[in-house]
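The values are calculated or read from the model by the stated rules, or taken from the named source; none is laboratory data. As the structure is a computational prediction, the values presented were derived from the model and not from experiment. Ideal geometry is used to build each Cβ from the backbone, glycine not excepted, and the neighbour counts take in all protein chains shown.
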Amino acid sequence: MLIGVVLYFLIATALLACWLLPPVRGWALGALQGVLSRGQATARQCSSAGGIVVQGLGATALRQAGAARRGLRRHGRWLAVGLAVLVLVPALALALRSWHRFDGFDHTASREIDERVAALLQGEQLVPPPALPPELFTVQEVAAVRPMLGTASRQWELLDADFRQRLLLVFKQLKDEHGYDAVLLEGFRSADRQAALAALGPTVTQAGAFESYHQYGLAADVAFLREGRIVISERDPWAMRGYELYGQVAESFGLHWGGRWRGLRDFGHVELRRPGVMRSGAAGAGPAPAHTH
């Protein structure tokens, strides 16, 4: 792969030099014409004297090498600059590719949890709510906002135990203090499903397989239940207010809220960022193991 990239840049540099530098273009055309004419002469000579052909080829090679050296001495500086630009820019991009990731990808920073939250997490373990009828997740207004939601996993037991308790506390506080019934749209997500969602385009997700905390049971997408129907639309003032409260409560329990992302905002998304999880890669992917903290 690396050899192919280097060869590509070498060829691109030569083509750019011929295109942008008239002397180089003239030299290249002249060299090409010379090679063609010498090839024709060589072909004629082959029928009469093999030894002469060998000598002619040797002399031709020497002349071409001398012409190439002269061309490089004359235009070598510009060719070097062009090659450096074409090679250094992608090399710099490759070197910095792990320096910044889209929001929602791997982060090593952890959010401090206050003593109140720690006490709640150590206290009584909350039980997930009963499952809702599957048809609620496949109605037209829901499917238009969340593609492929009908096949999403809403199994609370596949979530990391620590993350699960924080999310249940968020649900409880939203209900008790603000009157919102939160609904789990999707929790754990397989790598194949993540790749399928990514293939739908950046408006659905910017994360590929193993680039989302969903693959590790550390993320969830949430909406609200109103009058027996799931409400996701951010154009609904009631739902948007619910998302704002949801984000505030989730952050108070140490979760990261997708509504604060700089790129594609995902108001229903929360995740528990755990250092080193993303770097474990595909080898360690799967439903997260149980953790009490």
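Suppose the filter is among the aliphatic types (A, V, I, L, M), farther than 23 Å from residue 153 by Cβ and buried (at least 20 other Cβ atoms within 10 Å of the Cβ); does residue 249 pass it?
For residue 249, the condition - among the aliphatic types (A, V, I, L, M), farther than 23 Å from residue 153 by Cβ and buried (at least 20 other Cβ atoms within 10 Å of the Cβ) - is met.
What's the number of the condition residue 209 fails, among (1) crowded, with 23+ Cβ neighbours inside 10 Å; (2) touching a helix residue (DSSP H, G or I) at 6+ places or on another chain (Cβ under 7 Å)?
(1)
Can you find, within segment 217-265, the residue that is nearest to residue 205 (Cα to Cα) among those that are hydroxyl-bearing (Ser, Thr, Tyr) and touching a residue at least 60 places away in the same chain (Cβ under 8 Å)?
Within segment 217-265, the subset hydroxyl-bearing (Ser, Thr, Tyr) is 233, 243, 246, 252.
Going one step further and asking which of them are touching a residue at least 60 places away in the same chain (Cβ under 8 Å), we end up with 233, 246, 252.
Working: 233: 17, 246: 20, 252: 25 Å.
Step by step, filter segment 217-265, then rank; the result is 233.
So in segment 187-206, with the set limited to residues that are touching a residue at least 40 places away in the same chain (Cβ under 8 Å) and in a loop (DSSP other than H, G, I, E, B), which one is nearest to residue 163 (Cα to Cα)?
188
Could you list, in sequence order, the residues of segment 126-135 that are among the aliphatic types (A, V, I, L, M) and surrounded by fewer than 14 Cβ atoms within 10 Å (Cβ to Cβ)? Walk me through how you get there before you give the answer.
Step one: filter segment 126-135 for residues among the aliphatic types (A, V, I, L, M), giving 126-127, 131-132.
Of everything in segment 126-135, those that are among the aliphatic types (A, V, I, L, M) and surrounded by fewer than 14 Cβ atoms within 10 Å (Cβ to Cβ) turn out to be 127, 131.
Pick from segment 138-154 the residues that are polar (S, T, N, Q) and out of contact with any helix residue (DSSP H, G or I) (no Cβ under 7 Å at 6 or more places or on another chain): which of them is surrounded by the most Cβ atoms within 10 Å (Cβ to Cβ)? Give the steps one after another, and end with the answer.
If we filter segment 138-154 for residues that are polar (S, T, N, Q), which is where we start, we get 138, 140, 151, 153.
Filter again for out of contact with any helix residue (DSSP H, G or I) (no Cβ under 7 Å at 6 or more places or on another chain), leaving 140, 151, 153.
Values: 140: 6, 151: 10, 153: 17.
Only one residue fits best here, namely 153.
Restricting attention to segment 160-186, which residues are more than 29 Å from the chain's Cα centre (by Cα), of a type in the set (Asp, Glu) and not in a strand (DSSP E or B)?
If the condition is that a residue be more than 29 Å from the chain's Cα centre (by Cα), of a type in the set (Asp, Glu) and not in a strand (DSSP E or B), then 176, 177 are the ones that fit.
So, residue 184, is that one within 16 Å of residue 171 (Cβ to Cβ) and hydrophobic (A, V, I, L, M, F, W, C) or not? Break it down stepwise before answering.
Numbers: within 16 Å of residue 171 (Cβ to Cβ): yes; hydrophobic (A, V, I, L, M, F, W, C): yes.
Against the criterion (within 16 Å of residue 171 (Cβ to Cβ) and hydrophobic (A, V, I, L, M, F, W, C)), residue 184 qualifies.
With respect to residue 222, determine if the residue is at pLDDT 95 or above, within 23 Å of residue 153 (Cβ to Cβ) and in a helix (DSSP H, G or I). Outline the logic, then answer.
Working: at pLDDT 95 or above: yes; within 23 Å of residue 153 (Cβ to Cβ): yes; in a helix (DSSP H, G or I): no.
No; evaluated as a whole, the condition is false for this residue.
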